[in-house]
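See below for the structure under consideration.
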Amino acid sequence: MKISFSTAGLYPRDTIEAFKIIKDCGINYAELMPQDISETTTDFAKEVIGKDIGLKVSSIHFPLILSSFYYNCYSKMQNTIKKIINELIETAELLGVEVIVSHGLPLFKDGYKENLFYPTILENINYLANKAGEKGVNIAIENGPNYNTRTPFSHDDFIKGFSQKNIGAVIDTTESCEAQQDIFDFLKNVNNIIHFHISDFAKDKGKHLILGEGVINWGKFFSELKAKKFDGYVVVEPLYKYFLENPKEKIKQCLQEIKKYSNIE
């Protein structure tokens, strides 16, 4: 098991600065959440490599800033998003990325939206997975309260519906709580878990909290990961508002909580 930290937690700092902060805290891995389309390009990958920060970008979260591209059925946009995906995969290859995180199908109240958008979204996920597979990169589909992956069983069924062997699950602890699901039901019932996003949760405080400031049983969580012999990346992904000041202190607070229960790399 390897501990990583998401650059999303350090927004709106420049991503290069975020990488340096993460490394200064003793973490050797990071998940890149691109905050500008330029950060999905090979030029950005070369810039990161040139800085020689000493930190591995082990995963990329498909940019949330591009959700309106990724979930768009307009025909010209389909050509655009494929070009973006192609460049993103080349970027991932240069950086040595092992996992790209994607969301699933949004839950729509109106049936016509499912008929209109779902074929396009599935086409984009399949295209992303196929291009990633050519470079040996895995795709991790995330659970979420507003997606068809909101429960352990719907999450598992969705992933089983793909033929690509490089598609697995990423389990987000906060998102499971927000969906009123037991995180340990995900660990028990989702079969191909290849990635984790962790942050704490409490009804009276909110989501994506600093580890140890919510109700999640981290002792049990890391015990179950050990029992599963999980050897992938566990990405600390808190909400950026908690890291606007004293980010290194807050990151180290998260690490201290993890170290109570697990040996980390």
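Just so it is clear, none of the values below were taken in a lab; they were calculated from the coordinates. Just so it is clear, the model here is predicted, and its values are computed rather than measured. A quick note on method: Cβ atoms are made from the backbone with ideal geometry, for glycine too, and the neighbour counts reach across all protein chains shown.
Placing R0 at 41 angstrom, the Cβ-Cβ distance between E245 and K109 gives a FRET efficiency of 0.60 after rounding to 0.05. Pairs on different chains or at least eight residues apart, Cα atoms closer than 22 Å: how many lysine pairs in segment 1-147 fit? Eligible lysine pairs with Cα atoms under 22 Å apart amount to 24. Legend: helices of the chain (whole DSSP H runs) are marked when their alpha-carbon atoms reach 27 angstrom or more along the helix axis and their mean Kyte-Doolittle hydropathy is at least -1.0; marked are 75-95, 111-134.
Using just its DSSP H runs of length 4 or more, each adding -39500 (n - 2.57), the chain gives a mean residue ellipticity at 222 nm of -13000 deg cm²/dmol after division by all residues. For segment 195-239, the calculated P(r), taken from all Cα-Cα distances in 10 Å bins from zero up to the bin holding the longest distance, is 28, 51, 20, 1 percent.
Between amide H atoms placed 1.01 Å from N, distances below 5 Å from I3 occur with V234, E265, all of them 5 or more places distant or on a separate chain. Between E90 and K203, the FRET efficiency from the beta-carbon distance, with R0 = 45 Å, is close to 0.60. Fully extending the segment from L64 to K220 would add 53.1 nm, taking 0.36 nm per residue of separation and subtracting the current Cα-Cα distance. Using a simple spin-label model with pseudo-atoms 7 Å out from Cα toward Cβ, D24 and K51 lie 1.2 nm apart. Placing a label point 7 Å from the Cα of D36 along the Cα-to-Cβ direction, the residues of segment 45-77 with a backbone N closer than 14 Å are 45, 47-48.
I'd like the distance between the alpha-carbon centres of segment 2-38 and segment 119-139, rounded to an integer number of Å. Distance between centres, Cα-based: 24 Å.
Here segment 47-78 is scanned for amide nitrogen atoms under 13 Å from the site 7 Å beyond the Cα of L116 along Cα-to-Cβ, giving 72-75.
Excluding the sites themselves, what is the longest stretch of the chain that contains no chymotrypsin sites (Phe, Trp or Tyr not before Pro) in a DSSP loop with at most 15 other C-beta atoms within 10 Å? Looking at the chain, 109-265 is the longest stretch - no exposed chymotrypsin sites (Phe, Trp or Tyr not before Pro) with at most 15 other Cβ atoms within 10 Å. Once the chain from Y74 to N192 is taken as fully extended at 0.36 nm per residue, the excess over their C-alpha distance is 39.2 nm. Note on K207: aspartates and glutamates with a C-alpha under 20 Å away, same-chain residues under 8 apart excluded, are E31, E142, D172, E175, E178, D182, D185, E237, E245, E249, E257. Dividing the mean sequence gap of close Cα pairs (under 8 Å, 6+ apart) by how many residues the chain holds gives a relative contact order of 21 percent.
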